[in-house]
């Protein structure tokens, strides 16, 4: 029997009491503790916290790449493993991870090849998603012929081409310079409005988190806990870059900053 698809009334991601502990030769390492979070369909939720706080680990739990040791995790109404098998999510890593011997079009098409999508449909989907990330005309180029920002956009197209409900993004712009990063932030925000995807986004940048997100989840040092959730919907969905100079944006950024400082009060 086929697994039922996600319904509009259920959360895209539901996490309750989630924890993850690694057993090592030197004793247990507590990566995550008591994580409670519900993400509605179509939300853009960013995770921010100090290095090693478990942001990426939490994202990997949603992707079924890490196994929690406690608590509950549901993705579109099913467990993370079932969501992975159902291809509910696409993952964009810190590095674009494009194969240098494949053209951009063939890199984007790779998941579709693996899934056995017919050639004609693959070509149509690749063309559509390259256009979505403003890379029309670059399909025959190789990764080394593109800038870092263009490679990042190609990796987003690859994650979107099999049309997942959920997009998981692990610091995809962290290695780029500020000007390119600003440009890609604006493009990602436009893509989110156009596709209505649910996006979970890991970042170390306070301005990036506030600018992109409907909510910002602030995490403590290890073991990672959620110490604040900052609602950014008051900024609206149309956000020019200069909104970052507005009083409301600065207020939200200051609240995130205060949450990060307060998180360091944990002493375990």
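For the range 186-213, give me the residue count where each residue is closer than 19 Å to residue 246 by Cβ, surrounded by 22 or more Cβ atoms within 10 Å (Cβ to Cβ) and touching a helix residue (DSSP H, G or I) at 6+ places or on another chain (Cβ under 8 Å). Total satisfying the criteria: 5.
Being in a strand (DSSP E or B), more than 17 Å from the chain's Cα centre (by Cα) and assigned by TED's automatic domain parsing to the domain that holds residue 45 is a description that does not apply to residue 243. For the range 144-185, filtering for residues that are touching a helix residue (DSSP H, G or I) at 6+ places or on another chain (Cβ under 6 Å), within 14 Å of residue 91 (Cβ to Cβ) and assigned to a loop (DSSP other than H, G, I, E, B) leaves 3.
In the range 19-29, the condition of being assigned to a loop (DSSP other than H, G, I, E, B) and crowded, with 18+ Cβ neighbours inside 10 Å is met by no residue. Residues in the range 51-60 include none that are under 20 Å from residue 198 (Cα atoms), in the same structural domain as residue 21 (by TED's automatic domain parsing) and assigned to a loop (DSSP other than H, G, I, E, B).
One line per residue, one yes/no per condition, for (1) outside the structural domain of residue 134 (by TED's automatic domain parsing); (2) in contact (Cβ under 8 Å) with a residue 60 or more places away in the chain:
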position: 148; (1), (2): no, no
position: 180; (1), (2): yes, no
position: 223; (1), (2): yes, yes
position: 238; (1), (2): yes, no
position: 250; (1), (2): yes, no
position: 255; (1), (2): yes, no
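Within the range 225-236, being free of Cβ contacts under 8 Å to residues at least 24 places away in the same chain and either crowded, with 21+ Cβ neighbours inside 10 Å or assigned to a loop (DSSP other than H, G, I, E, B) (or both) holds for 232, 236.
Taken over the range 82-98, the criterion of being outside any strand (DSSP E or B) and either at pLDDT 95 or above or crowded, with 18+ Cβ neighbours inside 10 Å (or both) is satisfied by 82, 83, 86, 88, 96, 98.
Considering only the range 99-117, state which residues are under 29 Å from residue 11 (Cα atoms) and not in a helix (DSSP H, G or I). Across the range 99-117, the qualifying residues are 115, 117. Number of residues in the range 32-44 that are buried (at least 22 other Cβ atoms within 10 Å of the Cβ) and within 14 Å of residue 226 (Cβ to Cβ) equals 3.
The values are calculated or read from the model by the stated rules, or taken from the named source; none is laboratory data. These numbers were taken from a predicted model, which means no experiment stands behind them. Please note: Cβ atoms are built from the backbone with ideal geometry, for glycine as well, and neighbour counts cover all protein chains shown.
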